[in-house]
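Take a look at the structure below.
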2 protein chains.
Amino acid sequence: MNNKRVIIEGVKPQIDSGRFPIKRVIGEKVEVEADIFVDGHDALSATLLYRQATKGAQWREADMSPLVNDRWAASFPVTELGFYLYTIEAWVDHFKSWRRDFQKKLEAGLDISIDLLIGADLVEQASKRATGKNCEQLVEFCQFLRAPEDSRLKTQLALDEELAQLIFKYPDKSLATKYERELSVVVERQKARFSTWYELFPRSCGEGTEHGTFADCERQLPAIAAMGFDIVYFPPIHPIGKTKRKGRNNSIEAEPGDFGSPWAIGAKEGGHKAIHPDLGSLDDFKSLVNRAKELGLEVALDLAFQCSPDHPYVEEHPEWFRQRPDGTVQYAENPPKKYEDIYPFNFECENSAELWNELKSVIEYWIDQGVSTFRVDNPHTKPFAFWEWVIAELRGKNPNLIFLSEAFTRPKIMYRLGKLGFTQSYTYFAWRNTKWELTQYFTELTQTEVREFFRPNAWPNTPDILTEYLQTGGKPAFMIRLVLAATLTASYGIYGPAYELCLAEPREPGSEEYRDSEKYEIKDYDPESVLQFRELISVINRIRRDNPALQIDHTLRFHEIDNEQLICYSKADPVSKDLVIVVVNLDPHHTHAGWVELPLDQLGIPKDRPYQVHDLIADARYLWLGHRNYVEINPHIVPAHIFKVRRKVRTEHDFEYFL
Amino acid sequence: MNNKRVIIEGVKPQIDSGRFPIKRVIGEKVEVEADIFVDGHDALSATLLYRQATKGAQWREADMSPLVNDRWAASFPVTELGFYLYTIEAWVDHFKSWRRDFQKKLEAGLDISIDLLIGADLVEQASKRATGKNCEQLVEFCQFLRAPEDSRLKTQLALDEELAQLIFKYPDKSLATKYERELSVVVERQKARFSTWYELFPRSCGEGTEHGTFADCERQLPAIAAMGFDIVYFPPIHPIGKTKRKGRNNSIEAEPGDFGSPWAIGAKEGGHKAIHPDLGSLDDFKSLVNRAKELGLEVALDLAFQCSPDHPYVEEHPEWFRQRPDGTVQYAENPPKKYEDIYPFNFECENSAELWNELKSVIEYWIDQGVSTFRVDNPHTKPFAFWEWVIAELRGKNPNLIFLSEAFTRPKIMYRLGKLGFTQSYTYFAWRNTKWELTQYFTELTQTEVREFFRPNAWPNTPDILTEYLQTGGKPAFMIRLVLAATLTASYGIYGPAYELCLAEPREPGSEEYRDSEKYEIKDYDPESVLQFRELISVINRIRRDNPALQIDHTLRFHEIDNEQLICYSKADPVSKDLVIVVVNLDPHHTHAGWVELPLDQLGIPKDRPYQVHDLIADARYLWLGHRNYVEINPHIVPAHIFKVRRKVRTEHDFEYFL
């Protein structure tokens, strides 16, 4: 028989009954809510317990406050990388009940002489739990309450705030309920939440169509940094297989001189720990990483756990691959499609532990070379348990690691990868074009429990994805998708210089592949022709850096605007009060106008005086008043407004604008 | 390192991570869904495992089928009272993958000679798991597939349905994932879901204002049964305390001759196991129970676990009550209100185990007298753990028990009581009057996970609740609320004869208490004056009995109707295809008209031919066509339509209506 009367349920945030940690970055708060109640009319007290998950860390406490409808809340800050735990304890608080009822009786003018004695008993009990000076103080309070003196004075004493505080310090938790689970938070560095990615093929960085080197690539870094990116991500940099190598435009037969796809990893020169000889040496790579660091850039590598037929693993560990009855190795296939240049690992093999450890050692190798950010290719074709294990193992030693998960067509699988430990994930942004689609999707990502475990990273293009929208919309389409990606999600990336050049030609009609894709050949981009678009990118990325509101996802809110081709949303930073309102014309062809409707109360904008909206792209300022205001956007100039809201505040002298 | 590749998550239904069972009644199905997926492109198979929770019961299996978006589903029937368990097992199905890919390759005209050999290997592996004749059959299949003969024949064999079935019988579950929890279902009798309650004070059943007896009450039973009720519920039938007895209209001082409130339980004649001497003997009670049974009625008693100051427990077990410092016992209070005629139990007392057991023995005592249905007074003022324990203990021996939980102003607490074992619960129906309120509330009760643990029982009035709506709306208001209660929820009840008499006078303006409430005095109702309203009740209850749709809650759907005072909803029985559409005029004063909009597809009504809606109250038939149809309701005649939908079907001869 269980004498614990308090019930704690509906605790949030938690993912799958606490099976997975929620995600935060350093400096954020964890806001915890729960339904907490007890039978009858007794008052209760509740505390949020939290601590780092490291051994020996002490629980700390935060008092919980009641909201409405038996919901309670408290929060705690996360200030260290790694894991934290949190749970809740709650108990019937007889002194609190007594004090509440005593006050009501006083107000109603009832006789309170017996109640004073009951109160004295409760104070006495607390004194027995207290120590030192507090104990003495409580004993004294008790004596006063029991003394035969004037009850007006005793009444004052009974309700004394100091007494209440003292007793609250020594609660009777003998029948306290502790929530049945300890929940966990993984705390990552701030770049986990706010990052700006630029994807680049190092081999295209050379002169003309010569195979570029890391040294060539190094020379591109200042321009990338100047655009405001903070992560530069390379497709695989390893030796490329020759057997069954794919030719240009993914043709089955490579011509002599074709360089092959970097994702067909492994040749006689080595596998996942080796560098393609044409790119340079390990020292060249380290030099590149260091130069990037000087420029405020991190180098991200691609983890593509698959092998070309020439990969050394194939000979050294035939047991890691599926063998066919004819003695050949099973290549990748998705019938009727065959990918004979790729051998997938067989994760169901007998010695899978060896395989798992080898793959872990690949990541460790690159961590040792100074890399801490990885983009993971096709994570959904390797077991979930493998990723959960390898990320936990590596993060235990290096909590700075960032893993970006590639996306694919199955949302449940994308979410599972987020839950099990991936820092960020690609999204379906590339295929969400209409107002309705964007609103639905980004509301799901930012306003449901998904936001606790899934950090979206929006990419308008990748080497695999040239969307129909970009194919048909011209330069305005590229500008529109850039602004959307950069302002809808705190992390975004582009695959360049294809993006700045507004490359839009598909391999064939209906395809999302680039024509003459850089995946299979070396490109020679004209450095002059990217300059204009790069200026817009620089402006957008500077706006992102200057506005904390754009570095957060969970405050995203969509607003009404009476034109299907215009979308309006806002983001706010609760700490700095930074408020940004974005309006984008989704139609790359025509000018559109409409009336934006803002929920002024929710946004903290005064209803009764004008406010300035400062378009940070065009550096134009508009004076708005009330909840309905007019916008008109010509996509051929700039297809969006990014407004910083500047509220008028009363100062000593007069109204002034916040800057 | 975990080699199990299949993930099972998002399993529904389940309550609080499986902490509580879901509820079903005998004959229902449990429909289970889950997200099930695996890395890569392998096919998988999944099975729903279920069994009775009794020791030694064998797991049975139901194959799960994929829906969309990695969601899988299966169901199982519950045919016995008590508890069932269910969980899920899923595994990578290599033969299924192989067969799917083989088919695709065939269609694409690819070479399949190696694939045949791979298939043969899979068949051989299955043959090793198979036994007896099946094993031989599989070996034979394998030999065929490996034979050097014509591959057209082998291709046919490879895709042979019998082979697929055979292999499916012997899956390779060596790396199967079993869902981490076994979930449970409590299966109750059908009356748990569909019941019709009539509350009656036995002491008012006598001649004039004489104290009525069980024998008097017995004479009322045929009329109650004739109205179509199946449960007759009595307020407490125990001796009533004299100390601090409340007088008429809850006055603090009782006059001589006042009978007191039945909820002030206990006097020198006995406590919770005794019968008020003026009502009769235990034999009289048993006779009443038996007579009720003959009439198809069950007697429900009130469990009010509290004591009058004269209750024998007060002397026998002073430790079960809180003692005040002046030596008196703590009475119930909700400052500034005092209830000095009531002593609550102190569930935090030292020997609470004794108290729990004594209270259990009270229920057991009445079970032994033939009672299996209980209405529980103020369950929220006793510990949740007590109810969970006592209901589980009693139900273990007697799975027929029904416990109806009283309601109060805190929804989380009501839901918790449902979760922990109460069969049914009062609701906030009494205070939901507008279309918006009713739609919101009953959608929450029937279309969210609440429906898995909370069975609503709607009461338009109780001895404690005479709503403002009933006070001001005259007889039409009583008719309106009756129809709503009887058709919104499969279980409902009224407190009569106050209801049939349309008693509407409050104790004072603003109060929900009846004037001259039967709680404190004996009433003398004129049997003639109830007859007209009872006829309506009989009709409504007959409609409920005749229409399985009205015996279910989870198919409730609200439909558009373009008048705020008209509400329209439907209920359907998926087994019998019974479909009922209810339209109620919520305004007790004026006639209203409007256009009902029905989602014909969802309701299974053909779009292209007329259908009959048969108003079962007025026995009037209307021919409707399409999704918009007109209704007009005068509340002074009958304030509602209860339409049975009679679809036209083509028979051998011509169209005919379903009857």
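A short reminder: the numbers here are calculations on the coordinates, not readings from a lab. What you see is a predicted model; the values in this text were computed from it and never measured. So basically every Cβ, Gly included, is an ideal-geometry build from the backbone, and we count neighbours across all protein chains shown.
Per-peptide packing, taken as the mean over residues of other Cβ atoms within 10 Å, places A:424-437, A:82-95 in the sequence A:82-95, A:424-437 from highest down.
Inter-chain neighbour count for A:1-9: the average number of beta-carbon atoms from partner chains within 10 Å of each residue's beta-carbon is 6.
Take every pair of alpha-carbon atoms less than 8 Å apart whose residues are at least six positions apart; their mean separation over the length of chain B yields a relative contact order of 10 percent.
Radius of gyration over Kirkwood radius for chain A, both on Cα atoms: the Rg/Rh ratio is 1.07. Taking Cα centre as origin and charging only the Cβ of basic (Lys, Arg, +1) and acidic (Asp, Glu, -1) residues, the dipole magnitude of the protein assembly as shown rounds to 220 debye. Could you tell me how many degrees, from 0 to 90 and to the nearest 10, lie between the Cα long axis of helix B:282-294 and the main elongation axis, the longest principal axis, of the Cα atoms of chain B? Between helix and principal axis, roughly 50 degrees.
Using bins of 10 Å that start at zero, the share of Cα-Cα pairs per bin across region B:1-148 amounts to 10, 28, 29, 21, 10, 2, in whole %.
When only Cα pairs below 8 angstrom with a gap of at least 6 residues are kept, region B:94-170 shows a relative contact order of 32 percent. Overall size of the protein assembly as shown from C-alpha positions, given as principal axis extents largest first: 114, 91, 59 Å.
Using a ≥ b ≥ c from the Cα gyration tensor of region A:180-241 (square roots of the eigenvalues), is it rounded, prolate or oblate, where a/c under 1.5 gives rounded and otherwise the larger of a/b and b/c decides, a/b for prolate? In terms of gyration-tensor shape, oblate.
Peptide A:98-104 is shielded by partner chain Cβ atoms: per residue, an average of 2 of them sit within 10 Å of its Cβ. With runs of 4+ DSSP H residues as the only contributors, calculate the mean residue ellipticity of the protein assembly as shown at 222 nm using -39,500 (n - 2.57) per run, divided by the residue total and rounded to the nearest 500. So the calculated ellipticity at 222 nm is -9000 deg cm²/dmol.
List the trypsin sites (Lys or Arg not before Pro) within region A:218-272 that fall in a DSSP loop (any state other than H, G, I, E or B) and whose Cβ has at most 14 other Cβ atoms within 10 Å. Hits after loop and neighbour filter: A:LYS268. Lacking any other cysteine beta-carbon closer than 4.7 Å, the following Cys residues of chain B have no compatible partner: B:CYS135, B:CYS142, B:CYS307, B:CYS349, B:CYS502, B:CYS568.
Relative to the longest principal axis of the Cα atoms of chain B, the long axis of helix B:531-546 lies at roughly 20 degrees.
Between the listed residues B:LEU159, B:PHE102, B:ALA126, the Cα displaced farthest toward the positive end of the dipole of region B:94-170, a dipole computed from Cβ unit charges relative to the Cα centre, is found at B:ALA126. Inter-copy label distances for A:GLU31: 3.6 nm (label point placed 7 Å from Cα along Cα→Cβ; shortest first). Expressed in units of 2.2 N^0.38 Å, where N is the residue count, the Cα radius of gyration of region B:557-646 is 1.03.
B:LEU301 sits among other residues whose Cβ lies under 14 Å from its own Cβ, and their net charge, with Lys and Arg +1 and Asp and Glu -1, is -4. Within region A:452-532, the trypsin sites (Lys or Arg not before Pro) that combine a DSSP coil assignment with at most 15 other C-beta atoms in a 10 angstrom radius are A:ARG507, A:ARG515. Summing charges over neighbours of B:ILE275, with a neighbour being any other residue whose Cβ is under 15 Å away from its Cβ, gives -4 when K and R count +1 and D and E count -1. Only Lys, Arg, Asp and Glu carry charge here, each on its Cβ (+1 for the first two, -1 for the last two); on that basis region B:94-170 has a dipole of about 300 debye about its Cα centre. Taking the longest Cα principal axis of chain A as reference, the axis of helix A:214-226 is set at about 50 degrees.
Label-to-label distances for A:ALA353 across copies, nearest first, come out at 4.7 nm, using points 7 Å from Cα in the beta-carbon direction.
Could you work out the local net charge near B:LYS644, counting Lys and Arg as +1, Asp and Glu as -1, over the other residues with Cβ closer than 9 Å to its Cβ? Spelling it out: positives minus negatives among the neighbours equals -2. Taking one quarter of the surface of the C-alpha convex hull of region B:94-170 gives a mean projected area of 4.4 nm². Taking the DSSP beta bridges with both ends in the protein assembly as shown, the antiparallel portion is around 75 percent. Loop-resident trypsin sites (Lys or Arg not before Pro) (DSSP state other than H, G, I, E or B) in region A:1-57 with no more than 16 further Cβ atoms inside 10 Å of their Cβ: A:ARG19, A:LYS55. Take each residue in B:330-341, count the other chain C-beta atoms within 10 Å of its C-beta, and the mean is 3.
Annotation: amide H of A:THR373 within the under-5 Å range of A:LEU301, A:ILE402, sequence separation 5 or more or interchain, hydrogens built in the peptide plane. The Rg/Rh ratio for region A:137-218, using Cα coordinates for both the radius of gyration and the Kirkwood hydrodynamic radius, is 1.69. Charge dipole (Cα centre; +1 on Lys/Arg Cβ, -1 on Asp/Glu Cβ; no other charges) of chain A amounts to roughly 1220 debye. Exceedance of the 28 Å cut-off in Cα-Cα distance is limited, within the set A:LYS191/B:LYS412; B:LYS412/B:LYS644; A:LYS4/A:LYS412; A:LYS475/A:LYS644, to A:LYS191/B:LYS412; B:LYS412/B:LYS644; A:LYS4/A:LYS412. Taken over region B:94-170, lysine pairs spaced eight or more positions apart, or on distinct chains, with alpha carbons under 20 Å apart number 9. The listed peptides A:386-392, B:392-398, A:567-573, ordered by packing as a protection proxy, come out as A:567-573, A:386-392, B:392-398 (highest mean of other Cβ atoms within 10 Å first).
Think of the axis that spins chain A onto B; the A residue whose C-beta lies nearest it, and the distance in whole Å, is A:SER17, 2. Along the axis of the charge dipole computed for chain B (Cβ charges of +1 for Lys and Arg, -1 for Asp and Glu, origin at the Cα centre), the listed residues B:SER425, B:PRO235, B:GLN471 are led at the positive end by B:SER425.
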